Amino acid sequence: MKEYIATVLGAGLVGFLPFLNLNPQPNTLTPTPAPAPIPRLQKQPVIQLQQSTKPGKRHRIQVQVISLNDLKIAEGSEVAAGQIISDRTEERESLEAQRNQIDISIKQLSASMSQVAELPPPNFAVQEAAIARIKSEIELMDGKPSLPATPAPFFRFKDENLRNLLEPEKMNKVAEGIRTEASERAKMSETKAKLALELNQAIAALDKAQSDHQHQQYQHSLNLIRQQSEMQRQQYQVASLVAQKQQIESKLREITQIKSPVAGQVRRIKNLGQKDRQINLEVVIDVK
């Protein structure tokens, strides 16, 4: 039995020997290449696209108007680069008219600031000369010899014949002398009275001239006060007008013409709202 088993095992080994490689050869299989490393992506710079005016783009412009009449374009209209989109013409013309009127008012106020003329120095030479002349004439009259207060005594003749012959003629001479003396006295009194009247009138004229000059001085003082008040009032008015003009010029500087920076077609005009009298609009232009 044991011999039978040995025989069978020997036959099996002999049959299996051809399949055994007793001299092992080196492994000739081609190795699988390792996968190539994946390259790392570098961070690319971000490029910000600026607004372009290439065809197919849309350009938006915001404008402010007071009236829709200030808008010089309409939806669907063609616009060229540099063409006026909005211009607040009515407001500008109104402000310019106000500024021109203020300029006229300032010129009128400045031209009316006239100075009060100074009073001339007082001159009473005419009145004083008249007084001096009259006083001189009165002094000359007072310097003349005075007439006798009583007529010379009358002597009568003792002889009747001589008395009858000569006394009438003598009496006539005496009477004539009395009449002449009375007439001269009357003339002198009349002249003195006339000169006294003229002197009083001359003194009154001098007093009136002096009083008139004092009144002129008083009126001149009042005129100076009025002038100062008027000048202050005019200066205040001019300053107020200048301030108004500056405000108007500031508003005029704010009113600028809006021009299209691109050429194209107005696609849309959108109302963004209104604040006070100002209307905010957005104009969308399809750029060509």
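The values are calculated or read from the model by the stated rules, or taken from the named source; none is laboratory data. Treat the numbers as computed from the prediction; the structure is a model and nothing was measured. Backbone-built Cβ (ideal geometry, glycine too); neighbour counts: all protein chains shown. Quick note on the areas: whole protein, heavy atoms, side chains included, nothing else; ligands and nucleic acids left out. Shrake-Rupley method; radii C 1.70, N 1.55, O 1.52, S 1.80 Å.
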At R0 = 30 Å, FRET efficiency that the Cβ-Cβ distance of Lys275 and Ile84 yields, to 0.05: 0.80
Computed label-point distance, nm, for sites Asn69 and Lys208 using a 7 Å Cα→Cβ extension: 7.0
Solvent-accessible area per residue for the stretch 199-288 (1.4 angstrom probe, square angstrom): 67
Portion, in percent, of the accessible area of the stretch 181-241 that falls on carbon or sulfur, probe 1.4 Å: 54
Counted charge near Gln201, where neighbours are those whose Cβ lies closer than 11 Å (Asp, Glu -1; Lys, Arg +1): 0
Given charges at Cβ of Lys, Arg, Asp, Glu: the stretch 64-119 dipole, positive-most of Ile73, Ala117, Ile85: Ala117
Kirkwood estimate for the stretch 74-119, i.e. one over the average of 1/r between Cα atoms, Å: 15.0
